[in-house]
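Q: My structure is below; once you've seen it, I'll send some questions.
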Amino acid sequence: MSSVETSPDDSYRGKAAHPREAIDASCRGVLLLWYGSAVAWLIFGSVLAIVASIKLHTPSFLAEQEWLTFGRVRPAHLNTMIYGWASMSGVATLLWLTARLCKRVLPWRTAVGSMAFYWNFWVAAGTVAILAGHGTSVEWLEFPWWVAFAMGFPFLVLSVLTVYMLSDRRVEHIYVSQWYLLGATLWFPLLYVAAALLIQLPGATGVVKASANWWFAHNVLGLWLTPIGVASAYYFIPKVLGRPIHSYYLSILGFWTLAIFYNWAGTHHLIGGPIPAWLITVGIVGSMMMFVPVTTVAINHHLTMVGHFKRLVDSPTLRFTVFGAMSYTLVSYQGSLQSLRYINETTHFTHYTIAHAHLGVYSFYTMTAFGAMYYILPRLVKREWVSARLIRIHFWCTAVGMLVYWVGLTWGGVLQGRWMNNPDIPFLEIVQRMVPYLWSRSVAGVLMTIGHIAFAVSVWFMIRRKGEWLVGPTLFTSDRKLFASLDPDAKLASEAAE
Amino acid sequence: MYVAMMVSVVAALGLSAVFGLSWAVSNGQIGRFDAGARSIFDDEESEGMVTDTFPSSGAVDSREPT
């Protein structure tokens, strides 16, 4: 079971690479805490989402409780999902990938574990504050200022930690996933602290506040969740298939073009708003330039899969990750086109934008995060997932739910935009015409929540170590024959085991 | 002042990317693409080996293997 590396990179700086089992063991307790918390927030955020969605077509639902009014439940859903589920699962995946790619054990484990408690405390405090009516009404930064500033600290610690791990890595080459992860941990703290200052300071009002708001909100996805999601896809697709990515050159080109173009794109959210036209045009140009990195990622992910799509039947990781990678292509092209003034005239202020946001944060990032967890958790706990049926329920409920959500709100959103641009149609009539599309949103939300519950049950059993033992750090016991057919060494091991 | 601050941060993000790229070029990180693509494989998880499948649907044995 030793994993002495054979690459010449191992002599880098005279330090031997740690065995992979030691790396996983170093991550075990800490990352289970981050992942477990993330799943708890996922369930809580899903319940909030269903409540908020039902209120859109049935306004009397839970209308008596002021803390459950739409204006509080919806931002509570958004912030628990972004800072609870997405960020906590993202931090765990980021740390595991960084440790694996740097081939060194996870340092500062006590601090990272304590940070999970700290993070949970502030997300909970912020959510309670929003439900109590103390939200800021600044989308994606609804937590009160005292929560927003407190949450900046862990981002800064994370930056220092990843830079330290990278500087103390045991291999010379920095794999493309590591570049994306480094970008996330260096850029996002700067973005978060700057946006918190710009938005929370008393002098920031009106147009300035709106500009900073949408520059930040767009970059939460682009410079925080996107790099983690793309890094996961660049690692897990080739790793699960056992074949290198289609073009490493394109992957490097894609990263550096994303690094240079993405952070300019946010102001396209303010098309038609009272801000300088050049500021919006810069945002549109940045958005259109995103065709370059997105196309490189699309070519790479999809051509790596060509000829191997049958593996989607076998691998939970691959199934979720490829779904996420395809969604990344779709949401990115859609986003770039949506930034054009001509298209924005119809889609702005409609449900189309909500569908687009969920295609990014859910269909791309969240599905990729699920895929990463299906790969990482068995290696942390050294147990197999307890039930294939639960995994299938999870996948089909979330995939079909997301499809229903996206089709319903995209279609409804385009119609809504066209109707709102027609002065002959009264606004209230448009609101009534939207009701069937809003029902599709609630149905989709229920489906996705069923999937999340199945996933939470799987993760609970995994944390309780109820699954079958793994025979080694990587191979699943149930599929020795499959591996044996692919790898001669595995065939010998399979015969010996039998 | 606030717009200037925001534009400065945007520029700082862009400059950090340019700095990172120049560091990567000068340290030989850009190049050797074939070796780079294969750097995630090793003896245990070698090229050609599938490393993830659905778990078995049979009875679960949670005892530690002897």
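The values are calculated or read from the model by the stated rules, or taken from the named source; none is laboratory data. Everything numeric in this text was worked out from a predicted model, so none of it was measured. So basically every Cβ, Gly included, is an ideal-geometry build from the backbone, and we count neighbours across all protein chains shown.
Q: What pairs can you find where one residue is in region B:39-57 and more than 7 Å from chain A (Cβ to nearest Cβ), the other is surrounded by fewer than 22 Cβ atoms within 10 Å (Cβ to Cβ) and at pLDDT 80 or above, and their Cβ atoms are less than 6 Å apart, with a gap of 6+ or different chains?
A: From region B:39-57, the pairs are B:Phe41/B:Glu47.
Q: May I pose another question? Take region A:102-136 and flag every residue that is closer than 20 Å to A:Ala25 by Cα, outside any loop (DSSP other than H, G, I, E, B) and touching a residue at least 40 places away in the same chain (Cβ under 8 Å). Give the derivation first.
A: First, the residues of region A:102-136 that are closer than 20 Å to A:Ala25 by Cα: A:102-116.
So of that shortlist, the ones also outside any loop (DSSP other than H, G, I, E, B) come out as A:102, A:109-116.
Passing the criteria: A:Cys102, A:Arg109, A:Ala111, A:Val112, A:Gly113, A:Met115, A:Ala116.
Q: Restricting the first residue to region A:193-218 and requiring it to be at the interface with chain B (Cβ under 8 Å from one of its Cβ atoms) and over 16 Å from A:Leu279 (Cβ atoms), which pairs with a second residue that is crowded, with 20+ Cβ neighbours inside 10 Å and among the small types (Gly, Ala, Ser) meet a Cβ separation below 6 Å and a spacing of at least six or different chains?
A: Within 6 Å, no pair qualifies.
Q: Quick one: would you say B:Ser22 is in a helix (DSSP H, G or I), over 23 Å from A:Lys103 (Cβ atoms) and facing another protein chain (nearest Cβ under 7 Å)?
A: Details: in a helix (DSSP H, G or I): yes; over 23 Å from A:Lys103 (Cβ atoms): yes; facing another protein chain (nearest Cβ under 7 Å): no.
So B:Ser22 does not fit the description; no.
Q: Sort out which residues of region A:204-214 are assigned to a helix (DSSP H, G or I), at pLDDT below 85 and at negative phi, and write them in order of number.
A: Start the filter on region A:204-214 by keeping residues that are assigned to a helix (DSSP H, G or I), which leaves A:206-214.
Now narrow it down to the ones that are at pLDDT below 85: A:206-212.
Once the filter is applied, which keeps residues that are assigned to a helix (DSSP H, G or I), at pLDDT below 85 and at negative phi, region A:204-214 yields A:Val207, A:Val208, A:Lys209, A:Ala210, A:Ser211, A:Ala212.
Q: Still on this model: Checking the conditions here, which among A:Glu384, A:Glu345 is in contact (Cβ under 8 Å) with a residue 12 or more places away in the chain and within 14 Å of chain B (Cβ to nearest Cβ)? Reasoning before the result, please.
A: Values: A:Glu345 fails: within 14 Å of chain B (Cβ to nearest Cβ).
After applying the criteria, what remains is A:Glu384.
Q: Please determine, by comparing only the residues of region B:23-51 that are hydroxyl-bearing (Ser, Thr, Tyr) and surrounded by 15 or more Cβ atoms within 10 Å (Cβ to Cβ), which one is modelled with the highest pLDDT.
A: We begin by selecting, within region B:23-51, every residue hydroxyl-bearing (Ser, Thr, Tyr); these are B:26, B:39, B:46, B:51.
Next, from what is left, pick out any that are surrounded by 15 or more Cβ atoms within 10 Å (Cβ to Cβ): B:39, B:46, B:51.
On the way: B:Ser39: 87, B:Ser46: 82, B:Thr51: 80.
Looking at residues that are hydroxyl-bearing (Ser, Thr, Tyr) and surrounded by 15 or more Cβ atoms within 10 Å (Cβ to Cβ), I get B:Ser39.
Q: So, one more: Yes or no: A:Arg243 of a type in the set (Lys, Arg), in contact (Cβ under 8 Å) with a residue 12 or more places away in the chain and not in a helix (DSSP H, G or I)? Give the steps one after another, and end with the answer.
A: Working: of a type in the set (Lys, Arg): yes; in contact (Cβ under 8 Å) with a residue 12 or more places away in the chain: yes; not in a helix (DSSP H, G or I): yes.
Spelling it out, A:Arg243 is indeed of a type in the set (Lys, Arg), in contact (Cβ under 8 Å) with a residue 12 or more places away in the chain and not in a helix (DSSP H, G or I).
Q: Looking at A:Leu161, A:Leu106, A:Leu141 in this structure, which one is under 29 Å from A:Gly335 (Cα atoms), aliphatic (A, V, I, L, M) and buried (at least 19 other Cβ atoms within 10 Å of the Cβ)?
A: Selected residue: A:Leu141, the only one of A:Leu161, A:Leu106, A:Leu141 that is under 29 Å from A:Gly335 (Cα atoms), aliphatic (A, V, I, L, M) and buried (at least 19 other Cβ atoms within 10 Å of the Cβ).
Q: Checking the structure you have, find out if any residue of region A:40-58 is farther than 24 Å from A:Leu409 by Cα and in contact with a Ser or Thr (Cβ under 8 Å, 6 or more places away or on another chain).
A: Our first condition is that a residue be farther than 24 Å from A:Leu409 by Cα; within region A:40-58, this holds for A:40-41.
Filter once more, keeping what is in contact with a Ser or Thr (Cβ under 8 Å, 6 or more places away or on another chain): A:41.
The answer is yes; a qualifying residue exists.
Q: So which of A:Ile54, A:Ile23 ends up being buried (at least 19 other Cβ atoms within 10 Å of the Cβ), modelled with pLDDT under 95 and either more than 14 Å from every other protein chain (Cβ to nearest Cβ) or part of a helix (DSSP H, G or I) (or both)? Break it down stepwise before answering.
A: Working: A:Ile54 fails: modelled with pLDDT under 95.
None of the others qualify; the one that does is A:Ile23.
Q: Hey, could you check region A:422-468 for residues that are in contact with a strand residue (DSSP E or B) (Cβ under 7 Å, 6 or more places away or on another chain) and buried (at least 16 other Cβ atoms within 10 Å of the Cβ) and say which is modelled with the lowest pLDDT?
A: Our first condition is that a residue be in contact with a strand residue (DSSP E or B) (Cβ under 7 Å, 6 or more places away or on another chain); within region A:422-468, this holds for A:462, A:465, A:467-468.
Then keep just the ones that are buried (at least 16 other Cβ atoms within 10 Å of the Cβ); that gives A:462, A:467-468.
Details: A:Met462: 93, A:Gly467: 78, A:Glu468: 75.
By that ranking, first place goes to A:Glu468.
Q: Can you name the residue in region A:260-271 that is in contact (Cβ under 8 Å) with a residue 60 or more places away in the chain and surrounded by fewer than 24 Cβ atoms within 10 Å (Cβ to Cβ) and is also nearest to A:Tyr192 (Cα to Cα) among such residues?
A: The first filter runs over region A:260-271 and keeps only residues in contact (Cβ under 8 Å) with a residue 60 or more places away in the chain, leaving A:263, A:265, A:268, A:270-271.
Subsequent filtering for residues that are surrounded by fewer than 24 Cβ atoms within 10 Å (Cβ to Cβ) retains A:270-271.
On the way: A:Leu270: 20, A:Ile271: 23 Å.
Top of the filtered list is A:Leu270.
Residue-by-condition table, conditions (1) buried (at least 20 other Cβ atoms within 10 Å of the Cβ); (2) modelled with pLDDT of 85 or more; (3) farther than 15 Å from A:Val138 by Cα; (4) in contact with a helix residue (DSSP H, G or I) (Cβ under 6 Å, 6 or more places away or on another chain):
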{"site": "A:Asp168", "(1), (2), (3), (4)": "no, yes, yes, no"}
{"site": "A:Glu172", "(1), (2), (3), (4)": "no, yes, yes, yes"}
{"site": "A:Trp179", "(1), (2), (3), (4)": "yes, yes, yes, yes"}
{"site": "A:Pro202", "(1), (2), (3), (4)": "no, no, no, no"}
{"site": "A:Pro227", "(1), (2), (3), (4)": "yes, yes, yes, yes"}
{"site": "A:Ala233", "(1), (2), (3), (4)": "yes, yes, yes, yes"}
{"site": "A:Ser251", "(1), (2), (3), (4)": "yes, yes, yes, yes"}
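Q: Okay, moving on. Can you name the helices (runs of 4 or more DSSP H) wholly within region A:334-444 that have at least 3 residues being closer than 24 Å to A:Arg319 by Cβ? Walk me through it before giving the result.
A: On the way: elements: A:341-347, A:351-358, A:367-381, A:388-420, A:427-433.
Qualifying helices (runs of 4 or more DSSP H): A:351-358, A:367-381, A:388-420.
Listed here are the residues, each with its yes/no results for (1) more than 13 Å from chain B (Cβ to nearest Cβ); (2) closer than 19 Å to A:Tyr180 by Cβ.
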site	(1), (2)
A:Ile252	no, yes
A:Phe255	no, yes
A:Ile260	no, yes
A:Trp264	no, yes
A:Gly272	yes, no
A:Thr281	yes, no
A:Ile284	yes, no
A:Ser287	yes, no
A:Val292	yes, yes
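Q: So if I check each of A:Thr281, A:Thr296, which one is free of Cβ contacts under 8 Å to residues at least 24 places away in the same chain and not hydrophobic (A, V, I, L, M, F, W, C)? Give the steps one after another, and end with the answer.
A: On the way: A:Thr296 fails: free of Cβ contacts under 8 Å to residues at least 24 places away in the same chain.
Within the list A:Thr281, A:Thr296, the selection yields A:Thr281.
Q: So, in region A:199-233, exactly how many residues are over 25 Å from the mean Cα position of the chain (by Cα) and not small (Gly, Ala, Ser)?
A: Looking only at region A:199-233, we keep the residues that are over 25 Å from the mean Cα position of the chain (by Cα), and these are A:200-209.
Cutting the leftovers down to not small (Gly, Ala, Ser) gives us A:200-202, A:205, A:207-209.
Of the residues in that region, 7 qualify.
Q: In region A:204-222, which residues are surrounded by 24 or more Cβ atoms within 10 Å (Cβ to Cβ) and in contact with a Leu (Cβ under 6 Å, 6 or more places away or on another chain)?
A: Selection gives A:Ala212, A:Asn219.
Q: Now, a different point. Restricting attention to region A:306-322, report how many residues are surrounded by fewer than 21 Cβ atoms within 10 Å (Cβ to Cβ) and hydrophobic (A, V, I, L, M, F, W, C).
A: Matching residues across region A:306-322 total 4.
Q: Which residue out of A:Ile376, A:Ile354, A:Ile393 is hydrophobic (A, V, I, L, M, F, W, C), farther than 29 Å from A:Ile23 by Cα and within 14 Å of chain B (Cβ to nearest Cβ)? Show your work before the answer.
A: Details: A:Ile376 fails: farther than 29 Å from A:Ile23 by Cα; A:Ile354 fails: within 14 Å of chain B (Cβ to nearest Cβ).
Step by step, each of A:Ile376, A:Ile354, A:Ile393 is checked, and only A:Ile393 is hydrophobic (A, V, I, L, M, F, W, C), farther than 29 Å from A:Ile23 by Cα and within 14 Å of chain B (Cβ to nearest Cβ).
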